[in-house]
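Working notes for the structure below.
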Amino acid sequence: MAAEQSAEQFRGQARLPGFAAPRRYDLRLAPDLAACAFAGSVAVDLHVAAPTRFLVLNAAELDVAPGGVGFAPAGSGQVLQPVEVTNVPEDEILIICFNEVLPLGEGTLTIEFQGTLNDKMHGFYRSVYELNGEKKNMAVTQFEPADARRCFPCWDEPAFKAVFKITLEVPSETVALSNMPVTEEKVNGPTKTVYFQESPIMSTYLVAVIVGIFDYVEDFTTDGTRVRVYTQVGKSAQGKFALEVALKTLVLFKEYFAVPYPLPKMDMIAIPDFASGAMENYGLVTYRETALLFDEKHSAAANKQRVAVVVAHELAHQWFGNLVTMEWWTHLWLNEGFATWVSYLAADQFFPEWNVWTQFLEESTTGFKLDALAGSHPIEVDINHVDEIDEIFDAISYRKGASVIRMLQSYLGAEVFQKSLAAYIKRFAYSNAKTEDLWAALEEGSGEPVRTLMHSWTKQQGYPVVSVKLKDGKLQLEQTQFLSSGSTGVGQWVVPITLCCCSYSHQEKFLFHGKQEDFDLSGLMECQNKENFWIKLNVNQTSFYRVSYDEELASRLRYAIETNKLSAADRYGVLDDTYALCMAGKQKLVSLLHLIAAYKDETEYTVLAQVITISLNIAEMMAVAAPEELGNLKKFLIDFLEPFAQKLGWDAKSGEGHLNALLRGTLLTALAELGHEATINEAVRRFNVFLEDRETPLLPPDVRKAAYVALMQTVNKSNKTGYESLLKIYRETDLSQEKVRVLGSLASCPDPVVVREALDFILSPEVRNQDAIFLLRGVCSGAHEVAWQWLKENWDYILGAYSGTLLTYFVNITVSPVSSITHLHPTSLVIPHSL
């Protein structure tokens with residue numbers, strides 16, 4: 001068999017061949033920070049399991065000299081030299097061909113290589129920072145999903161787990177970090193050699209190396225694990241909040257998963273140039289600065305919450321992802337969906353006053369939105385080539401994934417779910433697992449048909465809308481696939497129905513298998529003839545489906561909202577479902593506006609924030625589809641929102657909560673976008689004071705974005721004073737969160753000429769590539785065509801400058817608003833004056 005092998009057969013394959021597998025990597029790297037290059041060598045202890053003349057592993061953008069490659073079979077005392085070393089760039093593989101069949105069993109493959117510290121924020125790359133006014137490079141790794149191969153030749157697939165012994169040769173003044181603690185440092189003049197402890201068994205995408213000059217804060221968990229937060233010099237105080245969260249999170253997850261944190265230390269570091277939000281490298285988690293740092297004076301409440309949730313998400317991966325790893329990228333959703341869900345579990349434990357489970361519904365809504373498109377994909381996607389992996393790091397894997405896990409936990413019960421999960425972690429620790437392995441563990445622990453239930457949610461795209469009618473004391477249920485286009489899909493699900501009637505004291509739950517089913521309400525009907533009769537399905541919105549009520553039931557729910565009979569989660573759900581049905585042409589806009597009016601006494605931040613989001617979306621569509629009605633709509637929305645803003649005011653009240661701080665910024669920003677004159681005037685007044693005195697209490701971080709957006713409403717091509725003032729703030733601050741606030745406001749100007757200038761600013765060296773998306777997200781509703789035109793004109797440059805998920809964001813943010821203006825017929829867009 002081995003004699004018949006040829007190099008050609010390894011090209012174009014989804015996976016590496018399995019005839020040899022790594023057991024241990026001895027990796028040496030020497031980055032040259034000034035020249036933006038690195039040299040390295042790797043000795044890989046292998047197990048050769050089947051006869052072969054070839055070794056096939058991953059390598060990309062590396063210079064491998066054939067003379068620097070050899071294989072030493074264990075105990076042979078000889079080194080076999082390859083007859084050919086073939087680099088296949090399109091498959092990112094290295095094919096090493098030997099003259100003879102390799103002996104079965106153990107052996108060591110050695111490879112010497114060189115590479116470039118790139119500026120693409122993947123592989124082994126450079127990030128620029130300032131130290132004492134001087135620009136410097138740090139060396140950083142970002143290997144997920146498949147970029148370890150850009151740093152060293154390796155078996156770069158999650159299932160090829162191995163141990164790693166890492167040694168770095170670095171400038172002697174720098175700090176060198178990796179997954180494990182340093183065991184020894186040897187200084188040799190201008191350079192030093194740093195030796196790290198050998199790691200436990202792990203996948204290549206979790207390996208991490210960082211070299212630069214940093215400060216840190218540190219503390220220890222109650223069981224002695226050292227935790228540090230590394231920052232740029234002078235910013236270590238901004239790491240204290242993340243450090244506190246990390247200490248508590250490691251202890252919580254040790255209890256929740258019933259397995260101790262496996263490594264001796266946990267380092268977390270803020271990287272100035274970072275493509276995603278954060279990366280869960282084993283023992284050395286990397287973050288954007290905005291996701292790790294919190295400044296007590298200049299960060300907003302929303303920043304604080306983001307830091308807490310992201311830290312919890314990444315630390316959850318240390319168990320769910322790192323200790324137990326997906327077998328292949330098809331099961332990515334399990335990693336990301338689970339970490340997203342459990343990060344809210346942690347945040348709720350530490351900050352119960354944040355009501356994060358109600359806020360979690362925003363995650364579900366994002367998943368709903370993407371999954372309602374005909375071009376969506378199932379949670380589990382067969383990945384047949386490395387190029388396809390980036391495409392599934394999306395709202396389906398993260399948000400829908402988290403939502404179906406929450407649905408399952410809610411159905412099985414929290415205690416059964418947690419115990420079954422702990423059993424799964426214990427069973428698959430230090431190895432790999434598939435989705436089916438988790439279902440098996442949960443089925444075993446609960447006695448419920450988990451596989452049957454969940455297959456319909458993970459193997460097919462989309463989700464159902466359950467239509468509900470009440471007839472002769474029976475609920476008539478019908479499920480169809482919901483599509484935002486208004487057409488009907490063919491999907492069918494096993495739907496965990498929960499429902500309550502008139503109160504939450506008695507609830508029913510059952511699995512809805514078919515297309516249609518009748519449910520006898522007699523056991524629940526306490527108040528059918530009373531005035532306060534209502535029925536709510538999907539109690540507290542714990543499941544991933546929408547509900548469409550007949551006119552009478554919808555009217556009763558509106559009454560239940562007005563009289564405060566529903567939980568915050570259910571108030572959110574009724575609104576979100578009605579909005580989605582309206583956008584799909586299944587209900588009229590007037591019914592949605594009547595429903596919005598029922599929220600006039602709303603008190604919950606997440607619910608009001610969703611009212612605001614929906615209101616602004618409707619205004620945006622109205623501007624295109626029925627501009628003659630826009631004035632009426634804006635008046636209706638301003639009249640609705642103004643009392644909330646007057647009640648909250650611009651200034652925080654003594655002792656007020658986190659959610660009020662979030663709401664104040666959201667409300668004032670919305671009123672500014674709607675052109676509310678009083679809000680804009682007050683914002684400009686406060687901003688002018690802030691411009692002269694950055695420490696003024698008149699413009700605290702929670703309302704700064706609102707003031708910036710309001711200021712931009714006063715800007716036009718002949719008066720750009722406000723725009724220039726914001727650029728001044730951008731240039732003078734070294735706080736990433738402040739820079740992002742400014743970027744998110746610059747393109748909110750109604751003048752397309754100014755929007756175009758703001759878009760051009762993205763491409764200047766002043767904006768880090770990772771931050772361009774914030775400016776794009778802030779493009780005002782009337783200027784999406786301008787952004788689309790700008791994208792087309794600059795496409796060649798953007799294609800060269802951006803890659804991976806950043807390029808995807810660029811296209812999505814710019815194109816989505818243009819392509820999805822409205823399905824509504826103009827005649828349905830009339831705003832009744834009686835509202």
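The values are calculated or read from the model by the stated rules, or taken from the named source; none is laboratory data. Predicted, not measured: the structure shown is a model, and the values here were computed from it. We place every Cβ from the backbone using ideal geometry, glycine too, and count neighbours over all the protein chains shown. Please note that ligands, DNA and RNA were not included when accessible areas were found on the heavy atoms of the full protein model with its side chains. Shrake-Rupley method; radii C 1.70, N 1.55, O 1.52, S 1.80 Å.
Any idea how far apart residue 681 and residue 763 come out in nm if each label point goes 7 Å out from Cα toward Cβ?
4.1 nm
Report relative contact order for the chain in percent, whole number only (criteria: Cα-Cα under 8 Å, sequence separation at least 6). Each step should come with its number before you reach the end.
Values: 1617 pairs, mean separation 62.9, N = 835.
Relative contact order, the chain: 8 percent.
Between residue 724 and residue 373, what is the FRET efficiency for a Förster distance of 45 Å, r being their Cβ-Cβ separation, to the nearest 0.05? Display every interim value, and only then the final one.
Numbers: r = 40 Å, r/R0 = 0.89.
Computed FRET efficiency for residue 724 and residue 373 comes out at 0.65.
Give the percent of DSSP beta bridges with both residues in the stretch 156-298 that are antiparallel, rounded to the nearest 5.
Values: 24 of 34 bridges.
Around 70 percent of the beta bridges assigned by DSSP in the stretch 156-298 are antiparallel ones.
Points 7 angstrom from Cα along the Cβ direction at residue 472 and residue 695: gap in nanometres?
It works out to 7.7 nm between the two label points.
Could you please report the charge total around residue 626, scoring K, R as +1 and D, E as -1 over all other residues with beta-carbon less than 13 angstrom from its beta-carbon? Don't jump to the answer; show the numbers that get you there.
Numbers: positive: 634; negative: 620, 628, 629.
That works out to -2.
With a cut-off of 8 Å between alpha carbons and a minimum separation of six or more residues, what is the relative contact order of the stretch 197-290 in percent?
25 percent
Enumerate the calculated ³J(HN,Hα) couplings along the stretch 188-199 in order (Karplus 6.51 cos²θ - 1.76 cosθ + 1.60, θ = phi - 60°), each rounded to whole Hz, writing x wherever the residue is Gly or Pro.
10, x, x, 10, 9, 9, 10, 9, 10, 4, 5, 7
On a full-extension model of 0.36 nm per residue, what is the gain between residue 81 and residue 815, subtracting their alpha-carbon distance, rounded to one decimal in nm? Display every interim value, and only then the final one.
Working: separation 734, 0.36 × 734 = 264.24 nm, distance 5.27 nm.
Going from the current span to full extension adds 259.0 nm.
Which of the GluC sites (Glu not before Pro) found in the stretch 240-326 are in a DSSP loop and have at most 13 neighbouring Cβ atoms, other than their own, within 10 Å? Please list the in-between numbers first.
Working: sites: 244, 255, 280, 289, 296, 314; in loops: 280, 296.
In loop regions of the stretch 240-326 (DSSP not H, G, I, E or B), the sparsely surrounded GluC sites (Glu not before Pro) are 296.
How do the peptides 540-548, 224-232 rank, highest first, by the average count of neighbouring beta carbon atoms within 10 Å per residue? Intermediate results must be reported in sequence, preceding the final value.
Numbers: 540-548: 24.4, 224-232: 20.3.
Ranking the peptides 540-548, 224-232 by packing returns 540-548, 224-232.
Can you tell which of 730, 182, 618 lies farthest toward the positive end of the dipole of the chain, using +1 and -1 charges on the Cβ of basic and acidic side chains (Lys, Arg; Asp, Glu)?
Towards the positive end, the residue furthest out is 618.
In square angstrom, what is the accessible area per residue of the stretch 64-104 with a 1.4 angstrom probe?
For the stretch 64-104, the solvent-accessible area averages 49 Å² per residue.
Mind giving me the nanometre distance, one decimal, between the label points for residue 603 and residue 220, set 7 Å out from Cα along Cα→Cβ?
4.6 nm
Over the Cα atoms of the stretch 225-342, what radius of gyration and what Dmax do you get, in Å?
13.9, 45
With +1 assigned to the C-beta of every Lys and Arg and -1 to the C-beta of every Asp and Glu, and no other charges, what is the dipole magnitude of the chain about the Cα centre in debye, to the nearest 20? Show your work: numbers first, answer last.
Working: 72 positive and 103 negative charges, 212 e Å.
The calculation lands at about 1020 debye.
Which entry is the computed semi-axes √(5λ) of the Cα gyration tensor in Å for this structure: (i) 47, 34, 25; (ii) 79, 31, 22; (iii) 55, 41, 32?
Recomputing semi-axes √(5λ) of the Cα gyration tensor in Å here picks out (i).
Rounded to the nearest whole Å², what accessible area per residue is found for the stretch 143-246 with the 1.4 Å probe? Numbers along the way, then the final one.
Details: 3320 Å² over 104 residues.
Per-residue value: 32 Å².
Which loop-located trypsin sites (Lys or Arg not before Pro) does the stretch 410-465 contain, where loop means any DSSP state but H, G, I, E or B and the Cβ has at most 16 other Cβ atoms within 10 Å? Intermediate results must be reported in sequence, preceding the final value.
Numbers: sites: 419, 426, 427, 434, 451, 459; in loops: 434, 459.
Here the sparse-neighbourhood loop sites are 434, 459.
Please name which of 549, 564, 575 has its Cα lying farthest along the dipole of the stretch 530-577 towards the positive end, using unit charges on Cβ (Lys, Arg +1; Asp, Glu -1) and the Cα centre as origin.
Looking along the dipole axis, the top candidate is 564.
What list of ³J(HN,Hα) values in whole Hz, one per residue of the stretch 631-647 in order, does the Karplus curve 6.51 cos²θ - 1.76 cosθ + 1.60 (θ = phi - 60°) give from phi, with Gly and Pro shown as x?
After applying 6.51 cos²θ - 1.76 cosθ + 1.60, I find x, 4, 5, 4, 4, 4, 6, 5, 4, 6, 7, 4, x, 5, 5, 5, 5 Hz.
Can you work out the accessible area per residue across the stretch 283-405, with the rest of the protein chains kept in place, probe 1.4 Å, in square angstrom?
On the way: 3280 Å² over 123 residues.
So the stretch 283-405 comes to 27 Å² accessible per residue, rounded to a whole number.
Expected output is a single nm value to one decimal: the length gained when fully extending between residue 807 and residue 74, i.e. 0.36 nm times separation in residues minus the C-alpha distance. What is it? Each step should come with its number before you reach the end.
Details: separation 733, 0.36 × 733 = 263.88 nm, distance 4.59 nm.
Stretched out fully, the residue 807 to residue 74 stretch lengthens by 259.3 nm.
Can you compute the helix-only [θ] at 222 nm over the chain? Use -39500 (n - 2.57) per DSSP H run of at least 4 residues, normalise by all residues, nearest 500 deg cm²/dmol.
Numbers: 24 runs with 316 residues, N = 835.
Computed ellipticity for the chain at 222 nm equals -12000 deg cm²/dmol.
List the residues whose amide H sits under 5 Å from the amide H of residue 24, counting only those 5 or more places along or on another chain, with H placed 1.01 Å from N in the peptide plane.
45, 163
Take each of the peptides 639-649, 182-192, average the number of other beta-carbon atoms within 10 Å over its residues, and list them starting from the highest. All intermediate terms of the calculation are to be shown ahead of the outcome.
Details: 639-649: 15.6, 182-192: 11.5.
So the order, starting with the most tightly packed, is 639-649, 182-192.
Pick out, in residue order, every one of the GluC sites (Glu not before Pro) in the stretch 646-738 that is DSSP loop and has at most 13 other C-beta atoms within 10 Å; say none if there are none. All intermediate terms of the calculation are to be shown ahead of the outcome.
Details: sites: 656, 673, 677, 682, 692, 695, 724, 732, 738; in loops: 656, 695.
Answer in residue order: 656, 695.
Only bridges whose two residues both fall in the chain count here: according to DSSP, what percent of them are antiparallel, nearest 5? Don't skip to the answer; put the middle values down first.
Details: 103 of 128 bridges.
Here the antiparallel bridges make up roughly 80 percent for the chain.
Between residue 563 and residue 522, what FRET efficiency comes out of the Förster formula 1/(1 + (r/R0)^6) with R0 = 30 Å and r the beta carbon distance, rounded to 0.05?
Values: r = 25 Å, r/R0 = 0.83.
The formula returns an efficiency of 0.75 here.
On the accessible surface of the chain, probed at 1.4 Å, how many percent belong to carbon and sulfur atoms?
Working: 15710 of 31640 Å².
Answer for the chain is 50 percent, counting heavy atoms of protein chains only.
Can you compute 3J(HN,Hα) from phi for each residue in the stretch 78-86, using the Karplus curve 6.51 cos²θ - 1.76 cosθ + 1.60 with θ = phi - 60°, rounded to whole Hz and x for Gly and Pro?
10, 10, 7, 9, x, 8, 7, 10, 10
Sum up the charges of everything whose Cβ sits under 14 Å from the Cβ of residue 720, counting Lys and Arg as +1 and Asp and Glu as -1, but leave residue 720 out. Don't skip to the answer; put the middle values down first.
Values: positive: 717, 728, 756; negative: 724, 751, 757, 760.
After counting each charged neighbour, the total is -1.
Less than 15 Å Cβ to Cβ from residue 436, Lys/Arg counted +1 and Asp/Glu -1: what total charge do the surrounding residues give? The partial results should precede the final answer.
Details: positive: 427, 434, 451, 459; negative: 327, 380, 382, 437, 443, 444.
Once positives and negatives cancel, what remains is -2.
Using alpha-carbon positions, what is the distance between the centroids of the stretch 326-386 and the stretch 15-77, in Å?
Between the Cα centre of the stretch 326-386 and that of the stretch 15-77, the gap is 36 Å.
Between helix 752-762 and the chain, what is the angle of the helix's C-alpha long axis to the longest principal axis, kept within 0 to 90° and rounded to the nearest 10?
Orientation of helix 752-762: about 20 degrees from the principal axis.
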